[in-house]
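Notes follow once the structure below has been shown.
The values are calculated or read from the model by the stated rules, or taken from the named source; none is laboratory data. No experiment lies behind these values; they were computed from the predicted model shown. Cβ coordinates were reconstructed from backbone atoms using ideal geometry, including for glycine residues, and neighbour counts include every protein chain displayed. Calculation scope for accessible area: heavy atoms of the full protein, side chains included, ligands and nucleic acids excluded. Shrake-Rupley method; radii C 1.70, N 1.55, O 1.52, S 1.80 Å.
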Amino acid sequence: MNIGTIGHVDHGKTTLTAAITKCLAEKGGAQFTDYNMIDKAPEERARGITINAAHVEYETETRHYGHIDCPGHADYIKNMITGAAQMDGAIIVVSATDGQMPQTREHLLLARQVGVKKLVVFINKVDQISDPEMLELVDMEMRDLLGTYNFDGENTPIIMGSALAALEGRDPEIGSKKIVELVQACDDWLDLPLRDLEKPFLLPVEDVFSISGRGTVATGRVERGVASKGTEVEVLGLGESFKTTLTGIEMFHKELDRAEAGDNMGALLRGVKREQVKRGQVIIAPGSMKAVKVFKAQIYVLTKDEGGRYTPFTSGYKPQLFLRTADVSVELKFDDPAKMAMPGDNVELECNLHSSVALEVGSRFTLREGHKTIATGVVVETKE
Amino acid sequence: MSFFCYHRAARSAFTPCFRRLYSTPGLGKKTNIQLIAELRKLTDAPLTKARLALQESNGNLESARKWLEAELLASGAAKAAKVEGRAANQGVVSLTVVDGGYGHEFDPKHHQKERDGRIRVGLVEINCESDFVARTDQFSQLATALSYVVAQIPSLSHSEDPSFEPLDVSELLQAQYGDGPLTVKSAIQNIIATIGENISIRRAMAMSWAPQSDRAVRLGWYTHNSNSPFQGQIIGLSLLDMRTQSIGKLLEPRVEDSPLSDTAGQLSHALAQQVVGFNPVSIMGSDETSLYEQSFMAGQGTLVKDYLANWREENKLQSVDVAGFIRWKVSESVPE
């Protein structure tokens with residue numbers, strides 16, 4: 001799973017990241033990454049989009065973590081939109097000397113916005129505070145604030161320590177032991193995202209064939225879930241919705257009984273005419289998704305350097321939307337019709353599809369105009 | 001209307017208002033912690049400072065607050081010196097429009113305002129280190145208050161043509177901050193003390209202009225990536241310069257709305273949006289780097305110059321020009 005560190009510039013989030021890799025390296029679960037290597041991480045490019053983010057990876061006994069550290073709000077948002085590293089949890093870093101600051105609210109709002117449901121708090125620099133009651137106050141204020149932003153203030157683990165002590169290998173009571181405790185809290189408290197195999201079956205239709213004597217076969221790569229021969233499935237999207245039976249599964253010219261996420265399969269559908277199934281539709285576990293025409297999305301508009309537009313666009317703009325195998329024209333509408341979107345912007349807007357597509361909150365798509373990708377986006381709310 | 005609103009918002013940044021006042025004799029230790037929490041809610045002061053303040057004032061909240069005020073000034077200066085060299089490339093551009101010239105505001109909420117054709121504007125860019133801080137209320141209030149300060153600075157020149165005047169940032173730092181005792185510099189240092197990032201003014205610009213009998217100028221503005229019409233990541237300003245005999249009479253909003261006034265407001269707004277969206281470098285020229293040669297977003301692709309010519313004819317004016325424009329984007333390099 002992916003987690004990120006969020007905190008004020010001086011509160012030691014980079015030191016903490018380095019300390020985590022150091023402590024876990026000692027247990028063989030990570031490669032030590034020093035402060036400078038994290039802090040001076042080069043810009044990354046995900047699907048051609050530039051994002052400022054440092055990545056490290058580490059392992060505990062039970063989990064593998066991808067850990068990202070971004071300098072700003074906009075970088076985390078870009079991360080979310082592109083799905084470069086979807087954050088499943090976060091560590092909020094607060095210094096014991098300052099306590100939570102005005103910007104801590106913004107840190108929590110961001111975590112909410114990128115879809116983090118649970119987080120862990122690290123109160124850093126506790127060696128600079130001698131009075132335990134002061135630490136209680138930091139704890140109390142933090143729980144209060146967490147509650148204000150709809151996190152579980154009561155039960156969120158708050159770990160107090162010194163990332164620097166851990167990094168420098170001194171005072172293990174507030175240093176390395178606390179880092180171990182923090183990582184343990186992540187293991188215990190943060191929820192693992194569902195694995196693709198555990199989700200309901202979804203096969204985006206890439207191509208459709210009619211095989212004489214057998215019937216209609218839809219092909220594609222299983223995005224998630226598992227399907228067995230003989231089960232009921234639903235064909236959904238582009239104005240259609242009907243149920244049928246999966247009478248056969250074929251992979252590399254072999255008949256199989258089962259297909260799962262990652263497999264390229266042909267799905268033989270009972271009693272279905274070739275014209276009824278089209279590229280852009282999905283074959284799913286019945287009722288597991290809805291076809292949607294209107295939804296809200298957060299999009300990132302590519303800059304000219306990233307291959308995007310060099311001029312702004314306004315409400316009413318109609319590019320092509322690509323989602324899985326679907327290719328549909330879409331009208332974009334801003335909340336405020338007088339506004340515009342410029343290359344480099346993160347914007348929330350409403351998308352009105354020409355015909356319905358199976359999608360849900362978290363579905364990612366790109367917007368294209370001619371042969372250019374002009375934006376990439378993620379669904380944040382489905383409407384109708 | 002907007003003027004007064006923003007004035008108030010600016011003021012509240014200098015004088016925090018209190019929900020409760022305390023005088024607490026003989027406190028136990030537990031109370032002490034609660035008082036620190038209370039003081040933090042009132043002042044946003046760092047934890048250790050809040051505690052020190054209560055110690056120094058025997059647990060009296062009111063005197064602790066006063067002590068903190070003085071302390072934050074001193075520690076703010078020290079903190080400011082410490083963070084001074086750090087890169088501050090986030091922030092906002094903030095605009096105060098005291099007067100926007102003849103015509104209705106583009107925003108219908110501002111319809112009630114009396115106009116005499118004057119223009120008085122302040123524009124300022126404030127930087128900080130992270131975009132998290134740029135999003136806080138504290139930072140936003142500081143920016144609002146500063147553009148207001150800039151708009152109040154008496155203009156030096158009284159040129160015949162309206163023009164934007166850059167202000168010297170070091171002079172601005174010495175200006176009075178609102179009605180209070182602070183200078184702009186110490187107000188910024190106060191915020192540095194609570195926010196802990198390097199905060200600085202990159203640039204400031206003011207403009208004031210008085211109308212002439214046959215000439216009216218309308219200011220248009222467009223704010224991009226913003227939470228308010230007056231603050232954002234990019235702000236564009238345009239000056240729509242209209243001439244004809246007794247133009248003031250044509251533009252004054254009297255009992256009935258003046259059509260010219262409405263359309264001038266919309267056009268100047270659209271021009272400011274064009275400036276933000278298409279980033280021209282000059283008004284006139286031979287290619288698309290000049291505003292007049294660009295296809296106009298608000299005019300279905302008509303060239304800006306042709307759109308202006310048609311508009312002049314429709315409204316039976318002697319001449320219509322763009323007298324100037326400004327486009328400020330947060331953190332762009334500023335030409336000397």
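Go through the residues of segment B:278-287 one by one and say whether even a single one is open to solvent by less than 30 Å² (accessible area, probe 1.4 Å), touching a helix residue (DSSP H, G or I) at 6+ places or on another chain (Cβ under 8 Å) and of a type in the set (Val, Ile, Thr). Checking segment B:278-287: not a single residue is open to solvent by less than 30 Å² (accessible area, probe 1.4 Å), touching a helix residue (DSSP H, G or I) at 6+ places or on another chain (Cβ under 8 Å) and of a type in the set (Val, Ile, Thr). Taking each residue of segment A:96-119 that is more than 7 Å from every other protein chain (Cβ to nearest Cβ) and looking for partners that are assigned to a loop (DSSP other than H, G, I, E, B) and open to solvent by less than 20 Å² (accessible area, probe 1.4 Å) with beta-carbon atoms closer than 6 Å, six or more apart or interchain, yields A:Ala96/A:Ile129; A:Val114/A:Met87; A:Val116/A:Met87; A:Lys118/A:Leu190. Taking segment A:3-98 as the region of interest, the strands (runs of 3 or more DSSP E) fully inside it that hold 3 or more residues being buried (at least 16 other Cβ atoms within 10 Å of the Cβ) are A:49-52, A:54-59, A:64-69, A:89-95.
For segment B:319-336, filtering for residues that are modelled with pLDDT of 95 or more and open to solvent by 80 Å² or more (accessible area, probe 1.4 Å) leaves 1.
Yes/no matrix, rows are residues, columns are (1) within 30 Å of B:Gln266 (Cβ to Cβ); (2) open to solvent by 20 Å² or more (accessible area, probe 1.4 Å); (3) of a type in the set (Phe, Trp, Tyr); (4) touching a Pro at 6+ places or on another chain (Cβ under 6 Å):
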residue: A:Met265; (1), (2), (3), (4): no, no, no, no
residue: A:Arg279; (1), (2), (3), (4): no, yes, no, no
residue: A:Ile284; (1), (2), (3), (4): no, no, no, no
residue: A:Lys290; (1), (2), (3), (4): no, yes, no, no
residue: A:Lys296; (1), (2), (3), (4): yes, yes, no, no
residue: A:Asp305; (1), (2), (3), (4): no, yes, no, no
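Being surrounded by fewer than 22 Cβ atoms within 10 Å (Cβ to Cβ) and under 23 Å from A:Pro132 (Cα atoms) holds for only one residue in A:Arg195, A:Arg170, and it is A:Arg170.
For B:Ala143, are the conditions met, namely being within 11 Å of another protein chain (Cβ to nearest Cβ) and either open to solvent by less than 20 Å² (accessible area, probe 1.4 Å) or among the acidic types (Asp, Glu) (or both)? No; evaluated as a whole, the condition is false for this residue.
Residue count for segment A:209-254 under the criterion of being touching a helix residue (DSSP H, G or I) at 6+ places or on another chain (Cβ under 6 Å), open to solvent by 40 Å² or more (accessible area, probe 1.4 Å) and within 11 Å of A:Ala267 (Cα to Cα): the result is 0. With respect to the conditions (1) part of a loop (DSSP other than H, G, I, E, B); (2) open to solvent by 60 Å² or more (accessible area, probe 1.4 Å); (3) touching a Ser or Thr at 6+ places or on another chain (Cβ under 8 Å), A:Ser130 lacks only one, and its number is (3).
Considering segment A:295-384, the qualifying strands (runs of 3 or more DSSP E), each wholly inside and each with 3 or more residues that are more than 23 Å from the chain's Cα centre (by Cα), run over A:326-333, A:346-359.
Of the residues making up segment A:307-323, not a single one is open to solvent by 50 Å² or more (accessible area, probe 1.4 Å) and touching a residue at least 60 places away in the same chain (Cβ under 8 Å). For segment B:290-302, a residue qualifies if it is more than 13 Å from chain A (Cβ to nearest Cβ) and not in a helix (DSSP H, G or I), and the qualifying residues are B:Ser290, B:Thr302.
Between A:Leu203, A:Leu236, A:Leu194, the distinction of being without any contact (Cβ under 8 Å) to a residue 60 or more places away in the chain and of a type in the set (A, V, I, L, M) belongs to A:Leu194 only. For A:Phe242, the test of being in contact (Cβ under 8 Å) with a residue 60 or more places away in the chain, not β-branched (Val, Ile, Thr) and not in a loop (DSSP other than H, G, I, E, B) is failed. Among the residues making up segment B:39-65, those that are closer than 18 Å to B:Asn190 by Cβ and away from chain A (no Cβ under 14 Å) are B:Ala64, B:Arg65.
Matching residues to (1) open to solvent by 10 Å² or more (accessible area, probe 1.4 Å); (2) touching a helix residue (DSSP H, G or I) at 6+ places or on another chain (Cβ under 9 Å); (3) outside any strand (DSSP E or B):
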{"residue": "B:Gln189", "(1), (2), (3)": "yes, yes, yes"}
{"residue": "B:Ile192", "(1), (2), (3)": "no, yes, yes"}
{"residue": "B:Glu197", "(1), (2), (3)": "no, yes, yes"}
{"residue": "B:Arg202", "(1), (2), (3)": "yes, yes, no"}
{"residue": "B:Met205", "(1), (2), (3)": "no, yes, no"}
{"residue": "B:Leu219", "(1), (2), (3)": "no, yes, no"}
{"residue": "B:Thr223", "(1), (2), (3)": "no, yes, no"}
{"residue": "B:Ser226", "(1), (2), (3)": "yes, no, no"}
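Condition test on B:Leu239, is it open to solvent by less than 30 Å² (accessible area, probe 1.4 Å), closer than 24 Å to B:Arg120 by Cα and not in a helix (DSSP H, G or I)? It is true that B:Leu239 is open to solvent by less than 30 Å² (accessible area, probe 1.4 Å), closer than 24 Å to B:Arg120 by Cα and not in a helix (DSSP H, G or I).
Quick check on A:Ile174: is it touching a Ser or Thr at 6+ places or on another chain (Cβ under 8 Å), of a type outside the set (S, T, N, Q), under 27 Å from A:Ala18 (Cβ atoms) and not in a helix (DSSP H, G or I)?
Against the criterion (touching a Ser or Thr at 6+ places or on another chain (Cβ under 8 Å), of a type outside the set (S, T, N, Q), under 27 Å from A:Ala18 (Cβ atoms) and not in a helix (DSSP H, G or I)), A:Ile174 qualifies.
Output the number of the condition that A:Glu275 fails; it satisfies all remaining conditions of (1) touching a residue at least 24 places away in the same chain (Cβ under 8 Å); (2) under 16 Å from A:Val235 (Cα atoms). Exception for A:Glu275: condition (1).
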